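The values are calculated or read from the model by the stated rules, or taken from the named source; none is laboratory data. Please read these numbers as outputs of a predicted model, since none were measured by experiment. Methodologically, a virtual Cβ is constructed for each residue, glycine included, from the backbone with ideal geometry; neighbour enumeration extends over all protein chains shown. The accessibility values were calculated without ligands, DNA or RNA, using every heavy atom of the protein model including side chains. Shrake-Rupley method; radii C 1.70, N 1.55, O 1.52, S 1.80 Å.
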Amino acid sequence: MPLARLAYRTIGSLNAAKDNAILVPSWYTGTDADSELCMCGAHRALNPDKYFIILTNLLANGISSSPSNTPAPFEKGRFPKITLFDNVVLQHKLVTERLGLQLLRLVTGWSMGACQTYQWAAQFPDMAQAAPPIAGSARTASALDVFGLHRSAPASRYDCMGVIALMEGNEVTNVTPILAEIRARSGHELVYLWRANAEAVAAWE
């Protein structure tokens with residue numbers, strides 16, 4: 001994919017010394033608005049009255065580059081595989097090239113945002129003064145492989161194969177609750193994020 005778009009928003013003001021910037025990557029299915037709602041506020045540690053807070057959106061979350069908003073030939077099921085490394089590279093470019101910062105007071109995130117926090121600490125160890133992850137791990141445990149598919153209803157082999165069919169742009173006639181939820185969502189963000197899990201569950205059964 002020759003061009004990837006990282007959507008972000010900032011709250012608070014950067015001080016003259018440029019040493020009060022905080023980066024908050026979004027979590028699985030989360031957005032910058034969710035990060036602000038759940039993690040930022042005047043009476044919270046991430047206080048926009050004190051800090052310049054950068055809220056980024058995970059690739060494939062429907063706001064940053066995603067299967068639903070990327071033009072051909074990388075749309076829908078042809079959207080390329082992405083990693084935490086890719087997300088952090090884009091975030092680093094945003095911070096250094098667009099915002100002109102050489103130091104972050106803090107990088108922190110919850111869940112998959114925490115995974116990105118670990119990745120920041122490993123990838124750019126001299127960039128962030130502190131990197132405390134919240135409810136996340138540096139490597140996802142195999143026990144969580146079916147997390148996405150089990151959130152709304154028990155996953156069956158048919159559900160898993162249906163997810164793969166939708167990802168490939170095919171229609172499914174016998175729609176289960178999981179497939180109905182996925183098909184109702186704009187674009188194919190959830191299908192994309194769940195495909196690896198679906199293939200794993202299908203193989204196990």
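Residues in segment 79-100 that are part of a loop (DSSP other than H, G, I, E, B) and not β-branched (Val, Ile, Thr): Phe79, Pro80, Lys81, Leu99, Gly100.
Where residues in segment 101-136 are in contact with a His (Cβ under 9 Å, 6 or more places away or on another chain) and in a helix (DSSP H, G or I), which of them is least open to solvent (accessible area, probe 1.4 Å)? Here the answer is Trp120. A count restricted to segment 47-59 and to residues that are within 23 Å of Leu84 (Cα to Cα) and in a strand (DSSP E or B) stands at 4. Scanning segment 111-156 for residues that are closer than 13 Å to Tyr28 by Cα, at pLDDT 90 or above and touching a helix residue (DSSP H, G or I) at 6+ places or on another chain (Cβ under 7 Å) yields Cys115, Gln116.
Against the list (1) closer than 28 Å to Arg139 by Cβ; (2) in a loop (DSSP other than H, G, I, E, B); (3) among the polar types (S, T, N, Q); (4) out of contact with any Asp or Glu (no Cβ under 6 Å at 6 or more places or on another chain), the condition Ser35 fails is (2). For segment 56-75, the criterion of a residue being surrounded by fewer than 20 Cβ atoms within 10 Å (Cβ to Cβ), aliphatic (A, V, I, L, M) and modelled with pLDDT of 95 or more is satisfied by no position.
Before we move on, is Arg44 out of contact with any Pro (no Cβ under 9 Å at 6 or more places or on another chain), among the basic types (Lys, Arg) and within 21 Å of Gly136 (Cβ to Cβ)? It is true that Arg44 is out of contact with any Pro (no Cβ under 9 Å at 6 or more places or on another chain), among the basic types (Lys, Arg) and within 21 Å of Gly136 (Cβ to Cβ).
Only one entry of Phe52, Phe85 meets the criterion of being without any contact (Cβ under 8 Å) to a residue 60 or more places away in the chain, more than 12 Å from Ala4 (Cα to Cα) and crowded, with 16+ Cβ neighbours inside 10 Å, and that entry is Phe52.
When segment 14-43 is limited to residues that are more than 23 Å from the chain's Cα centre (by Cα) and open to solvent by 20 Å² or more (accessible area, probe 1.4 Å), the one that is nearest to Ala131 (Cα to Cα) turns out to be Asp19. Scanning segment 1-32 for residues that are at pLDDT 95 or above and of a type in the set (A, V, I, L, M) yields Leu6, Ala7, Ile11, Leu14, Ala16, Ala17, Ala21, Ile22, Leu23, Val24. One residue alone among Leu103, Leu94 is touching a Lys or Arg at 6+ places or on another chain (Cβ under 8 Å), under 25 Å from Ala16 (Cα atoms) and at pLDDT 95 or above, and that residue is Leu103.
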